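Encoded as structure tokens, the structure appears first; notes follow it.
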Amino acid sequence: MDIINTKIVKINPNNIDYEILSEAALIIQNGGTVIFPTETVYGLGANALNEKACDKIYKAKGRPGDNPLIVHINSMEELNDLVEEIPENAKILADKFWPGPLTMIFHKRDIISYKITAGLETVAVRMPENKIAQELIRLSKCPIAAPSANTSGKPSPTSAEHVIEDMLGKVDMIIDGGSCEIGLESSVIDITSEIPTVLRPGGVTKEDIEKLFGKCDYDPAIIKSDENIVPKSPGQKYRHYSPKAELILYKGDLHKTVKEIKKDCKRYISEGKKVGIIASEQTGNLYDEGIVKVVGDRNNPLTVASGLFNVLRSFDSSEADIILSEAFDDKGIGKAIMNRLEKASSKKIELGKLRVLFVCTGNTCRSPMAEGIMKHIIDKRGLDIEISSAGISAVDGQSASKNAVLALKEMSIDISSHKSRQVSKEILDRADLILTMTSQHKEILLRSFKGLEDKIYSFNIQDPYGGSYNVYKACSEEIKNEILKILDRQII
Ligand code: AMP
Ligand code: MG
């Protein structure tokens, strides 16, 4: 490919330099290519009504011809000229989410070439919110076709540095407008069907759309990992967003994830590999080896979304041989985060749910109370954790003590059907996390059984055995506080 002289300019989105932006608009009008910031990721733009100009986009990106482009507009009037009809649902969505990170699929008019739609009868349209993007479209006086401004297959660019890395010498102009707020590409929604369907998860979530229409589906291809299901959005069939190094995604409970990543990290390092780890604020300081990058805060998934592509790209310069990544909760914007991570990964490890075992002496007071309390809390929080209890010197089959049952009844927890059991190797082996009521319990278990060192922790809860109802009540409160502390930390 010929090398183009790329002009790099800087524009402040809050104080636009119109002289520079008009120059960019002229390039678009003359059939050239301009990279510009949007609130999602940087876009590689050309006049959407000029086939030759659009050809340049595919060339610069090395994008397969069967992966269609999104057309960016600046007003609803512009939309009328491009699409056959604007369904009622689309008007409602546009009203609510445009300008913003939402792309909708419409039946195209003839003015839109098959080059843009990769042969499809439908066209994807979005109205971006970023002021530079909006003004560029307005000044260019045409809709702008603009896929993400990365080399095909690489993570999308969220800063001008990323763009320069991939596109210097391949486009006419790059507008540096700072970093992209959202950091993940737009949601692609099909509104040509009766029930709106998410073809690519993004900033506007399925939950957002359900609030408006009651119903919204995911395209089956993005929720099932079955290669035989053809995605309705052609871009979803490609491996994507990939750093140079192989990425392994660890799915399932976070506690197990950290343990497994630490174990595998050690092994890869011993094989002479340079290992990268994608962690979160909650876990970053738990890893003592590898190149650890904190992508964001699990309690604020928008930070994970906006940091993800930057972190993926940064492993290229740190020359990691392999990247081990934590997974994230896939609700709301988390669905888009996980969609990108899954596409970036070449291997997934399913770790399943956490199995917690509480241990006390007789398994009739403290540990059954702990079991009941934790089950109650995780039920309310919608968490999936297996919880059980056992005693170090228990008689099998005894009920929980009367005051333990009564104390928990006050918390609306029923442990009346509890049956005590003696701890055994099988029971201990099954648990990922063993929580004993005192440090003595822990010591006894460590002395009597092998291989528990990495998964056993103790509370400091004294035995209420034989005490009054109030003693049990106080004990149950203490246990509840310890459990809440663990759950709030999300990891031990
Ligand atoms: P990008 O602009 O790089 O974020 O990619 C555009 C995305 O929009 C790709 O995943 C395409 O598959 C999708 N897309 C574009 N046009 C259509 C269409 N007509 N139907 C379904 N998906 C589309
Ligand atoms: Mg893309």
Residue that is least open to solvent (accessible area, probe 1.4 Å) [pool: residues in the range 33-53 that are more than 31 Å from the chain's Cα centre (by Cα) and not small (Gly, Ala, Ser)]
Thr33
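Looking only at strands (runs of 3 or more DSSP E) that lie completely in the range 159-274, which have at least 2 residues being in contact (Cβ under 8 Å) with a residue 60 or more places away in the chain and closer than 24 Å to Gly65 by Cα?
Numbers: elements: 173-176, 187-190, 197-200, 246-251.
Where strands (runs of 3 or more DSSP E) fall fully within the range 159-274 and carry at least 2 residues being in contact (Cβ under 8 Å) with a residue 60 or more places away in the chain and closer than 24 Å to Gly65 by Cα, they are 173-176, 187-190, 197-200.
Among the residues of the range 302-328, write down those that are of a type in the set (S, T, N, Q) and outside any helix (DSSP H, G or I). Full working, then the answer.
Let us first name the residues in the range 302-328 that are of a type in the set (S, T, N, Q), namely 303, 306, 310, 314, 317-318, 325.
Within the range 302-328, Ser318, Ser325 meet the criteria.
Only one residue in Asp297, Asp321, Asp384, Asp288 is touching a Ser or Thr at 6+ places or on another chain (Cβ under 6 Å) and among the charged types (D, E, K, R), so which one is that?
On the way: Asp321 fails: touching a Ser or Thr at 6+ places or on another chain (Cβ under 6 Å); Asp384 fails: touching a Ser or Thr at 6+ places or on another chain (Cβ under 6 Å); Asp288 fails: touching a Ser or Thr at 6+ places or on another chain (Cβ under 6 Å).
Asp297 is the lone residue from the list that is touching a Ser or Thr at 6+ places or on another chain (Cβ under 6 Å) and among the charged types (D, E, K, R).
Please verify whether the range 193-203 includes one or more residues that are away from ligand 2 (no atom under 16 Å from the Cβ), β-branched (Val, Ile, Thr) and under 17 Å from His240 (Cβ atoms). Before you say what the answer is, go through the steps one by one.
Within the range 193-203, the first condition is being away from ligand 2 (no atom under 16 Å from the Cβ), and the residues that meet it are 193-198.
Those left that are additionally β-branched (Val, Ile, Thr): 195, 197-198.
Retained after the next criterion (residues that are under 17 Å from His240 (Cβ atoms)): 198.
So far as the range 193-203 goes, yes, one or more of its residues are away from ligand 2 (no atom under 16 Å from the Cβ), β-branched (Val, Ile, Thr) and under 17 Å from His240 (Cβ atoms).
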What's the total number of residues in the range 104-150 that are of a type in the set (S, T, N, Q), more than 16 Å from ligand 2 (Cβ to nearest atom) and either open to solvent by less than 10 Å² (accessible area, probe 1.4 Å) or within 31 Å of the chain's Cα centre (by Cα) (or both)?
4
Kindly establish whether Asp379 is in contact with a His (Cβ under 9 Å, 6 or more places away or on another chain) and surrounded by fewer than 21 Cβ atoms within 10 Å (Cβ to Cβ).
no
Go through the range 63-80 and give me each residue that's under 14 Å from Gly235 (Cβ atoms) and within 27 Å of the chain's Cα centre (by Cα).
Arg63, Pro64, Asp66, Asn67, Pro68, Leu69, Ile70
Test for Glu227: is it over 22 Å from Ser314 (Cβ atoms) and open to solvent by 30 Å² or more (accessible area, probe 1.4 Å)
yes
Note on the range 443-454: residues without any contact (Cβ under 8 Å) to a residue 60 or more places away in the chain and either in a helix (DSSP H, G or I) or exposed (fewer than 15 other Cβ atoms within 10 Å of the Cβ) (or both) are Glu443, Ile444, Leu446, Arg447, Ser448, Lys450, Gly451, Glu453
Return yes or no: is Lys331 open to solvent by 10 Å² or more (accessible area, probe 1.4 Å), in a loop (DSSP other than H, G, I, E, B), at pLDDT 95 or above and of a type in the set (Lys, Arg)?
no
Please specify each residue of the range 151-182 satisfying the condition of being more than 13 Å from ligand 2 (Cβ to nearest atom), under 22 Å from the mean Cα position of the chain (by Cα) and of a type outside the set (A, V, I, L, M, F, W, C).
Ser159, Ser179, Glu181
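The values are calculated or read from the model by the stated rules, or taken from the named source; none is laboratory data. All of these numbers come straight from a predicted model, not from anything done at the bench. Positions of Cβ are generated from backbone atoms using ideal geometry, with glycine treated the same way; all protein chains shown enter the neighbour counts. To get the accessible areas, we keep the full protein, side chains included, count just its heavy atoms, and leave off ligands, DNA and RNA. Shrake-Rupley method; radii C 1.70, N 1.55, O 1.52, S 1.80 Å.
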